[in-house]
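Input: a single structure, listed below in structure tokens.
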């Protein structure tokens with residue numbers, strides 16, 4: 001990663017780690033090792049927005065999740081997120097999401113959360129992870145559930161899906177409370193695809209009796225209770241995400257579930273979780289008893 005892009009990534013990481021604090025351009029300049037003027041210029045060049053806009057949008061999105069999940073007063077969240085007044089927070093929330101924070105806290109609806117794209121190497125190249133690393137495998141049970149999904153046409157994996165459907169889908173899915181705690185990516189088996197839609201989709205798992213809003217352009221599919229093998233790699237540096245994914249894919253290809261009395265289940269979707277370096281890359285592959 002070149003010096004400029006590395007500086008921007010350092011600023012992004014600092015913002016993420018200190019989002020509940022007051023963050024100044026001087027703070028970002030210090031972490032980037034550039035002057036405040038040049039740090040701001042680099043930020044705009046690579047992310048198409050000022051640090052102030054980036055920070056405000058991220059704060060508002062974090063506050064939306066807190067309003068959804070916590071019993072918290074609007075005043076308390078406005079102050080904890082660094083807004084000068086409740087009125088200022090409410091106006092900013094409405095501008096960002098099109099609804100009042102009080103209304104959202106009592107009756108959450110899907111909203112387009114800000115999910116910033118992290119600066120990575122320009123090429124998605126294989127990184128060096130040549131040391132011996134472990135892949136952990138465990139059997140887990142998934143309950144019957146609905147999944148709110150957004151289909152595309154040709155996508156077969158994350159990058160082609162983003163190019164076709166858009167990366168901002170993830171923010172909307174994140175705003176919907178999931179029974180698994182986070183959105184998921186799915187490789188759908190043939191019977192769950194439509195004639196002109198693709199294999200790879202993003203979605204969020206909800207209860208079978210879910211009666212909340214379905215965003216326009218999304219649909220709901222039903223999935224039965226199923227058994228999965230969870231493959232998890234060791235934690236990885238964020239720039240090594242491609243290697244971390246390939247590490248799990250190689251393990252899946254080599255693993256024979258007959259060893260523990262199972263075989264691969266081709267009627268349920270394979271599931272991908274968001275690659276997060278500190279927890280390791282995770283995929284879930286469906287299996288059935290032999």
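So here's what we get for this one:
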{"read-out": "Leading residue by the ranking (surrounded by the most Cβ atoms within 10 Å (Cβ to Cβ)) among those in the range 53-82 that are free of Cβ contacts under 8 Å to residues at least 24 places away in the same chain and farther than 15 Å from residue 108 by Cβ", "value": "78"}
{"read-out": "Residue in the range 115-136 that is modelled with pLDDT of 95 or more, loosely packed, with under 13 Cβ neighbours inside 10 Å and more than 30 Å from residue 242 (Cα to Cα) present", "value": "no"}
{"read-out": "Those residues of the range 83-109 which are outside any helix (DSSP H, G or I) and either under 25 Å from the mean Cα position of the chain (by Cα) or surrounded by 13 or more Cβ atoms within 10 Å (Cβ to Cβ) (or both), in sequence order", "value": "83, 98, 99, 100, 107, 108, 109"}
{"read-out": "Selection from the range 169-193 of residues that are out of contact with any helix residue (DSSP H, G or I) (no Cβ under 9 Å at 6 or more places or on another chain) and farther than 24 Å from residue 228 by Cβ", "value": "172"}
{"read-out": "Scope the range 158-178; condition in contact with a strand residue (DSSP E or B) (Cβ under 6 Å, 6 or more places away or on another chain) and farther than 25 Å from residue 60 by Cβ; matching residues", "value": "161"}
{"read-out": "Pairs where the first residue, in the range 263-278, is surrounded by 16 or more Cβ atoms within 10 Å (Cβ to Cβ) and the second is in a loop (DSSP other than H, G, I, E, B), C-beta under 6 Å, 6+ apart", "value": "269/188; 275/281"}
{"read-out": "Selection from the range 216-244 of residues that are closer than 23 Å to residue 117 by Cβ and either modelled with pLDDT of 95 or more or in contact with a helix residue (DSSP H, G or I) (Cβ under 6 Å, 6 or more places away or on another chain) (or both)", "value": "218, 233, 236"}
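The values are calculated or read from the model by the stated rules, or taken from the named source; none is laboratory data. No experiment lies behind these values; they were computed from the predicted model shown. Backbone-built Cβ (ideal geometry, glycine too); neighbour counts: all protein chains shown.
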